[in-house]
Amino acid sequence: MTIAYLKRGKPELERSQDDEKTRAVVETTLKDIETRGDAAVRELSEKFDKFSPPSFRLSQSEIDALMNRVSARDMEDIKFAQAQVRNFAQAQRDSMLDIEIETMPGVILGHKNIPVQSVGCYVPGGKFPMVASAHMSVATATVAGVPRIAAATPPFKGEPNPAVIAAMHLGGAHEIYVLGGIQAIGAMAIGTETVDPVHMLVGPGNAFVAEAKRQLFGRVGIDLFAGPTETMVIADGTVDAEMCATDLLGQAEHGYNSPAVLVTNSEKLAKDTLAEIDRILKILPTRETAAKSWEDYGEVIVCDTYEEMLEVANDIASEHVQVMTDRDDWFLEHMTCYGALFLGPRTNVANGDKVIGTNHTLPTKKAGRYTGGLWVGKYLKTHSYQKVLTDEAAAKMGEYCSRLCMLEGFVGHAEQANLRVRRYGGRNIPYGTAAE
């Protein structure tokens, strides 16, 4: 196997050291929120966002005033995007059926899909107002039937961003808080004097938001670990360097630590893409962020074969994977570890981020090895139930259950089964013995 790196990002050791610093800050901050509640949340908002309103929760009149500042065109675009997200989420919801079957005469087993009863949706927005994230978390929760949806977003340039607030409200949020970062995550998960805790946290965010969700997991549910944006382009000689460079830098502008990786079997395309990235960075308005991200986290990997490209891609398990080759469907068939696939040059990651209808809250840091992204099913809990309707079934199931419990030494368990055999089967089983 021949795999060559024309460019590497930060070594793993340096990345893990950054993670350790983040972990310590988050742990201390969450303890402070748990101890001091609203006072700690307000201090954090003042420190990081220079924002300290009388109430972090917006009133209906404040929401209406902010929505009135959104232009007609922007409002139309928001509603179009939400319609796409809702349509796909509804199709997904419709595929999840409650079931009930009779596994043997008189024995009924089933499951019900029940919505999580309260969720906290985090919508990033300190650097860029992430309007689309409101569709992904809030609107999808609405389709799932979640009865209480709290949504939080940081202030943008010192005030709530009207378009983000409009998207939250139109998406179906019942409570909207203008709070960012760890303080938003902590307030929604732990609860304060003015914020009731939720059962589940969802939504992407920076490294501190992702770490806060990780530390709170167990106390509340989470959708997944959705940290800084990652993108990968898998390309061969069927596309050009401009396309590859544009798709890499289009995601690198998210933050200073957004990995962007090109995997190709064309050394010419790899070198041309490196040159094209240098050209675009000179004219890209967000080049300060994108250039730093590309410098520290950008990689270009040249493979000999498509099979090697596939192996590298599955190992990296990137959040977004843009596939532009002469065999896109082959990658669709064989890719196993990723957040979402974008197949062919006519689509791109920005489509998925903003409007096409698939959810853009996706697994990062190799989490694509064990989970997919946020979708309507993440808000649903599948709970099983059982009914035994006849005396005959109760006795027969009880006999098997009794013997299997005694096989493991659980006498008390066995007696639960034995009691049914005695009551409904008319059998005289001595206490503490297995049914014969």
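Computed values, structure above
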quantity: All positions within the stretch 222-258 that are farther than 20 Å from residue 326 by Cα and either open to solvent by 30 Å² or more (accessible area, probe 1.4 Å) or assigned to a helix (DSSP H, G or I) (or both); calculated: 225, 249, 250, 251, 252, 253, 254, 256, 257
quantity: Scope the stretch 366-400; condition surrounded by 18 or more Cβ atoms within 10 Å (Cβ to Cβ) and under 27 Å from residue 15 (Cα atoms); matching residues; calculated: 367, 368, 373, 374
quantity: Unmet requirement for residue 133, which otherwise passes all of (1) open to solvent by 10 Å² or more (accessible area, probe 1.4 Å); (2) within 21 Å of residue 77 (Cα to Cα); (3) part of a helix (DSSP H, G or I); (4) of a type outside the set (Phe, Trp, Tyr); calculated: (1)
quantity: Test for residue 149: is it assigned to a helix (DSSP H, G or I) and buried (at least 22 other Cβ atoms within 10 Å of the Cβ); calculated: no
quantity: Test: residue 315 is crowded, with 16+ Cβ neighbours inside 10 Å, of a type in the set (D, E, K, R), closer than 23 Å to residue 237 by Cα and free of Cβ contacts under 8 Å to residues at least 60 places away in the same chain; calculated: no
quantity: Test: residue 123 is β-branched (Val, Ile, Thr) and surrounded by fewer than 24 Cβ atoms within 10 Å (Cβ to Cβ); calculated: no
quantity: Near pairs, Cβ below 9 angstrom, 6+ apart or cross-chain, from the stretch 276-287 (at pLDDT 95 or above and assigned to a loop (DSSP other than H, G, I, E, B)) to any residue that is buried (at least 18 other Cβ atoms within 10 Å of the Cβ) and aliphatic (A, V, I, L, M); calculated: 284/249; 284/290; 284/291
quantity: Tally of residues being in contact with a Ser or Thr (Cβ under 7 Å, 6 or more places away or on another chain) and open to solvent by 100 Å² or more (accessible area, probe 1.4 Å) across the stretch 262-288; calculated: 0
quantity: Matching residues, the stretch 169-183, being in contact with a Leu (Cβ under 9 Å, 6 or more places away or on another chain), aliphatic (A, V, I, L, M) and in a helix (DSSP H, G or I); calculated: 182
quantity: The stretch 379-436: number of residues that are among the hydrophobic types (A, V, I, L, M, F, W, C) and either on the phi > 0 side of the Ramachandran plot or assigned to a helix (DSSP H, G or I) (or both); calculated: 14
quantity: Selection status of residue 346, free of Cβ contacts under 8 Å to residues at least 12 places away in the same chain and in a loop (DSSP other than H, G, I, E, B); calculated: yes
quantity: Residue ID - nearest to residue 147 (Cα to Cα), chosen from residues in the stretch 111-120 that are open to solvent by 20 Å² or more (accessible area, probe 1.4 Å) and part of a strand (DSSP E or B); calculated: 115
quantity: The stretch 145-164 residues that are farther than 12 Å from residue 63 by Cβ, paired with ones that are open to solvent by less than 10 Å² (accessible area, probe 1.4 Å) and among the polar types (S, T, N, Q) (beta carbon under 8 Å, 6 or more apart); calculated: 146/118; 147/118; 148/118; 149/118; 150/118; 161/153
quantity: Residue within the stretch 28-50 that is under 19 Å from residue 165 (Cβ atoms), free of Cβ contacts under 8 Å to residues at least 60 places away in the same chain and exposed (fewer than 14 other Cβ atoms within 10 Å of the Cβ) present; calculated: no
quantity: Hits in the stretch 329-343 (condition: part of a helix (DSSP H, G or I) and surrounded by 17 or more Cβ atoms within 10 Å (Cβ to Cβ)); calculated: 331
quantity: 1 or more residues hydroxyl-bearing (Ser, Thr, Tyr) and touching a helix residue (DSSP H, G or I) at 6+ places or on another chain (Cβ under 9 Å): qualifying helices (runs of 4 or more DSSP H) within the stretch 15-110; calculated: 38-49
quantity: Test for residue 217: is it closer than 18 Å to residue 363 by Cβ, surrounded by fewer than 24 Cβ atoms within 10 Å (Cβ to Cβ) and hydrophobic (A, V, I, L, M, F, W, C); calculated: yes
quantity: Residue in the stretch 213-233 that is more than 25 Å from residue 376 (Cβ to Cβ), acidic (Asp, Glu) and touching a residue at least 24 places away in the same chain (Cβ under 8 Å) present; calculated: no
quantity: Odd one out for residue 124 among (1) modelled with pLDDT under 95; (2) more than 18 Å from the chain's Cα centre (by Cα); calculated: (2)
quantity: Number of the exception - residue 324 against (1) farther than 19 Å from residue 238 by Cβ; (2) open to solvent by less than 80 Å² (accessible area, probe 1.4 Å); calculated: (1)
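Conditions (1) more than 15 Å from the chain's Cα centre (by Cα); (2) open to solvent by 20 Å² or more (accessible area, probe 1.4 Å), marked per residue:
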| site | (1), (2) |
| --- | --- |
| 191 | yes, no |
| 197 | yes, yes |
| 200 | no, no |
| 206 | no, yes |
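Quick grid of which residues meet (1) surrounded by 13 or more Cβ atoms within 10 Å (Cβ to Cβ); (2) modelled with pLDDT under 95; (3) within 26 Å of residue 376 (Cβ to Cβ):
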position: 53; (1), (2), (3): yes, no, no
position: 62; (1), (2), (3): yes, no, no
position: 73; (1), (2), (3): no, no, no
position: 82; (1), (2), (3): yes, no, yes
position: 87; (1), (2), (3): no, no, yes
position: 98; (1), (2), (3): no, no, yes
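The values are calculated or read from the model by the stated rules, or taken from the named source; none is laboratory data. Since the structure is predicted, the reported quantities are computational estimates derived from the model, not experimental observations. Cβ sites come from the backbone with ideal geometry, for glycine too, and all protein chains shown count toward neighbours. The protein model used for the area step is the full one, side chains on, heavy atoms only, and it has no ligands, DNA or RNA in it. Shrake-Rupley method; radii C 1.70, N 1.55, O 1.52, S 1.80 Å.
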